[in-house]
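Worksheet: the structure to be examined is printed underneath.
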Amino acid sequence: MSTAQWIVTLVGLGLITWIVWYFWLYRRESVQAHAKEGGMQEVDVTVKGGYQPAVIEVQARQPVRLNFTRREASTCGEEVVLPAFGQRAHLPENQTVPLEVTPAQPGEYEFTCGMNMYRGKIIAR
Ligand SMILES: [Cu+2]
């Protein structure tokens, strides 16, 4: 193979590795909420090209506080919506906005950006 073909092959392999990592490994990473005093579970969520972490495990029937911080100029993540809790919030850039919800029963509760592009979920157990 020529040098150019090798480069194309390596770039292709790198891209495949990245896709596998991003869609299958990275997105499955979940974070367990830490319980604070008064049973409040708290998690910091960074909004940048998506939600990090995108999967948050919590205890059902206990209040959860999600501290959203939007770290990008892109307006995609400007609004966060938690349909199951009837909540939505505006997220100004580099400002932490806390949102409190209480999952009434075990299950999965989605949260998305205003356009339904960024997606995350709370898994209550
Ligand atoms: Cu969006």
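State all residues of the range 64-121 that are within 14 Å of ASP44 (Cα to Cα), part of a loop (DSSP other than H, G, I, E, B) and more than 16 Å from the ligand (Cβ to nearest atom); if no residue qualifies, say none.
Scanning the range 64-121 gives ASN94, GLN95.
Name the residues in the range 77-111 that are farther than 13 Å from LEU66 by Cβ and of a type in the set (Val, Ile, Thr), would you?
Listed by number, the list is empty, since nothing qualifies.
Among the residues of the range 15-58, which ones are exposed (fewer than 11 other Cβ atoms within 10 Å of the Cβ), modelled with pLDDT under 80 and over 22 Å from PRO98 (Cβ atoms)?
Answer for the range 15-58, where residues must be exposed (fewer than 11 other Cβ atoms within 10 Å of the Cβ), modelled with pLDDT under 80 and over 22 Å from PRO98 (Cβ atoms): ILE16, THR17, ILE19, PHE23, TRP24, LEU25, ARG28, GLU29.
The values are calculated or read from the model by the stated rules, or taken from the named source; none is laboratory data. Keep in mind it's a predicted model, so treat the numbers as computed, not measured. For neighbour counting, all protein chains shown are included, and Cβ atoms are generated from backbone atoms with ideal geometry for every residue, glycine included.
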